[in-house]
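J.: Could you have a look at this structure, given as structure tokens, before my questions?
The values are calculated or read from the model by the stated rules, or taken from the named source; none is laboratory data. All values reported here derive from a predicted model rather than from experimental measurement. As a convention, Cβ positions derive from the backbone with ideal geometry for all residues, glycine included, and neighbour counts pool all protein chains shown.
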């Protein structure tokens, strides 16, 4: 039996040796093909960003040329200041920052407290309650929006920041994410702290939060990005000048998509709105990709 | 674990979350179902009448929604976008993930590039796509007399094709939908690549070594080894792709503005979610609720079908 295997593998080794040059060529061709495919796809993915940036720097007359230029002949930084004032981006930025920061802080507090209760404390009906929370994740948000719209207007919150912040403070998904993280911290630490007379809150602050910091950072980033990209709900409840969020303001300032619009200025505004997202991505890529992929695989 | 006297403490920690969830998540579920069954709800609230005395319970809203021409159009648009974009983006993402997984130099850089569309504002970048497809000073009689055909048409001409009016005055439904498909696929790739690449990297190398020893051709390795071993992740990206597809809305706002269609035919590309929001804004909460519940029903059915197929087809 072992002889057969031996002679077999010897033959195969010989085969491999014999066709090695042909295989080498084929392998190089395959590698080249793989790289060519990936580079073409990468170019397609990047092209809109490139087009946004060069268009934002062109003079309107250059943008309108029949034969496109791939680099601005005259770099028009002025488009950016024009875009900034035309779309009132300063105010929009402050509104969005305010909503983002307040809702992130409140949301973190609520999430940490609930995740702690689910991960560390014992109480009647814990599993049932947690299961019920998870079940709500299946429902599409549109189902809540209709009633929330009525609730918010009954509460007199129309055209206030409150309407933009409060309805979305609790995210079952974040509670779930953080609970999983908290559960990985050994319970012995908690019991030891209890013996030493440490209060729950102190233990949370000194032990659990530092250990779960990566998850908390992921939640913060996703929450801030959520505020930055929100469009539908703000359009319904607070689309007035004083409370407008940045995406709504951007879309409203440039309604003309296909006419004689000053596209370079429009692209400059788009670039300004996109820039913070890229900065966050550049510096905190690890946390974003972790948050996104974890939301995927564990479910 | 911890003595029972601490029970009240747990509830104290949970209090803010529970109160907010009761008001903004649990109550809306029941209330939305109730409103969807109240006929003429919006009109009554407007007249200041107490709906409790005058409403009729019934399926009127559902009937009305389903007879609505606009709603049928929204349903059709949503379904077309879903059926077109999910397979295209899944196959492309799979190919890119497999290719990325097979290289060493540049892998991290390319991975970052492919993730980039994920961290964008779908309305802002939609405006960039609109600019790329847009024809400057479109001449309806002879498209070639337009001022500038736009970069996409320039590329098409470069490869010997004919320029098309994609989103301008008089553009066809097919052209509009094509633009949306391109944009949605571009937008959907990063998440799928991330998940599939994560899955690929956790596949045991031994399977590939075995295939190599057997001299199995590459495409056969892909269809017989990689895809089956990756099937849980594939199933996951397909389900989330369908759910996301049925909720498509802001990508269309990005390209066509909140008129949801080309200038000559506003609403042409409206979707189910768009219909729900339009109805809310027009104070037709009954119709909005019925439409949202129909949307939920569709998502539920698609998920159940997917789960059934997965049970049959997903390996291990």
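J.: Which condition breaks for residue B:290 when tested against (1) modelled with pLDDT of 90 or more; (2) within 16 Å of the chain's Cα centre (by Cα)?
T.: (2)
J.: Does residue A:100 count as crowded, with 17+ Cβ neighbours inside 10 Å and more than 9 Å from every other protein chain (Cβ to nearest Cβ)?
T.: yes
J.: What tally of residues in region A:60-77 results from selecting those that are closer than 15 Å to residue A:271 by Cβ and within 10 Å of chain B (Cβ to nearest Cβ)? Spell out the reasoning first.
T.: Initial filter on region A:60-77 (closer than 15 Å to residue A:271 by Cβ): A:63, A:72, A:75-77.
Within this subset, residues satisfying the condition of being within 10 Å of chain B (Cβ to nearest Cβ) are A:63.
Looking only at that region, the number is 1.
J.: Still on this structure, I have one more. Test of understanding: among A:46, A:57, which residue is without any contact (Cβ under 8 Å) to a residue 40 or more places away in the chain, within 23 Å of residue B:116 (Cβ to Cβ) and either at the interface with chain B (Cβ under 9 Å from one of its Cβ atoms) or surrounded by 13 or more Cβ atoms within 10 Å (Cβ to Cβ) (or both)?
T.: Exactly one of A:46, A:57 is without any contact (Cβ under 8 Å) to a residue 40 or more places away in the chain, within 23 Å of residue B:116 (Cβ to Cβ) and either at the interface with chain B (Cβ under 9 Å from one of its Cβ atoms) or surrounded by 13 or more Cβ atoms within 10 Å (Cβ to Cβ) (or both), namely A:46.
J.: State yes or no: is residue B:146 within 11 Å of chain A (Cβ to nearest Cβ), over 23 Å from residue B:242 (Cβ atoms) and surrounded by 21 or more Cβ atoms within 10 Å (Cβ to Cβ)?
T.: No; evaluated as a whole, the condition is false for this residue.
J.: I'm trying to understand the selection: among the residues of region A:112-136, which are more than 7 Å from chain B (Cβ to nearest Cβ) and either closer than 14 Å to residue A:182 by Cβ or modelled with pLDDT under 85 (or both)?
T.: Residues satisfying the conditions are A:112, A:115, A:118, A:119, A:120, A:126, A:130.
J.: Please determine whether any residue of region B:106-118 is surrounded by fewer than 16 Cβ atoms within 10 Å (Cβ to Cβ) and within 30 Å of residue B:247 (Cβ to Cβ). Walk me through it before giving the result.
T.: Here is the first cut: in region B:106-118, the ones surrounded by fewer than 16 Cβ atoms within 10 Å (Cβ to Cβ) are B:106-109, B:112.
Cutting the leftovers down to within 30 Å of residue B:247 (Cβ to Cβ) gives us B:112.
Yes, region B:106-118 contains a residue that is surrounded by fewer than 16 Cβ atoms within 10 Å (Cβ to Cβ) and within 30 Å of residue B:247 (Cβ to Cβ).
J.: Quick one: residue B:212 ticks every box in (1) buried (at least 16 other Cβ atoms within 10 Å of the Cβ); (2) more than 30 Å from residue B:167 (Cβ to Cβ) bar one, so which box is it?
T.: Status for residue B:212: all satisfied but (1).
J.: Looking at region A:137-179, which of its residues are over 16 Å from residue A:114 (Cα atoms), part of a helix (DSSP H, G or I) and at pLDDT below 90?
T.: A:142, A:143
J.: While we're here: Only one of B:253, B:276 is touching a residue at least 40 places away in the same chain (Cβ under 8 Å), touching a helix residue (DSSP H, G or I) at 6+ places or on another chain (Cβ under 7 Å) and within 7 Å of another protein chain (Cβ to nearest Cβ); which? Even if it seems obvious, please write down each step before you answer.
T.: Numbers: B:276 fails: touching a residue at least 40 places away in the same chain (Cβ under 8 Å).
Exactly one of B:253, B:276 is touching a residue at least 40 places away in the same chain (Cβ under 8 Å), touching a helix residue (DSSP H, G or I) at 6+ places or on another chain (Cβ under 7 Å) and within 7 Å of another protein chain (Cβ to nearest Cβ), namely B:253.
J.: Is there a residue being over 21 Å from residue B:83 (Cβ atoms) and within 11 Å of another protein chain (Cβ to nearest Cβ) anywhere in region B:174-182? Outline the logic, then answer.
T.: Taking region B:174-182 and keeping what is over 21 Å from residue B:83 (Cβ atoms), we get none.
Within region B:174-182, not a single residue is over 21 Å from residue B:83 (Cβ atoms) and within 11 Å of another protein chain (Cβ to nearest Cβ).
J.: Follow-up. Considering only region B:123-140, state which residues are within 21 Å of residue B:93 (Cβ to Cβ) and more than 7 Å from every other protein chain (Cβ to nearest Cβ). Give the derivation first.
T.: Keep residues of region B:123-140 that are within 21 Å of residue B:93 (Cβ to Cβ), which gives B:125-126, B:129.
Passing the criteria: only B:126.
J.: Considering each of B:267, B:286, B:274, B:297 in turn, give the residue that is part of a loop (DSSP other than H, G, I, E, B) and closer than 30 Å to residue B:39 by Cβ. Even if it seems obvious, please write down each step before you answer.
T.: Values: B:286 fails: part of a loop (DSSP other than H, G, I, E, B); B:274 fails: part of a loop (DSSP other than H, G, I, E, B); B:297 fails: part of a loop (DSSP other than H, G, I, E, B).
It is B:267.
J.: Taking region A:198-214 as the region of interest, how many residues are without any contact (Cβ under 8 Å) to a residue 60 or more places away in the chain and in a helix (DSSP H, G or I)?
T.: Qualifying residue count, region A:198-214: 9.
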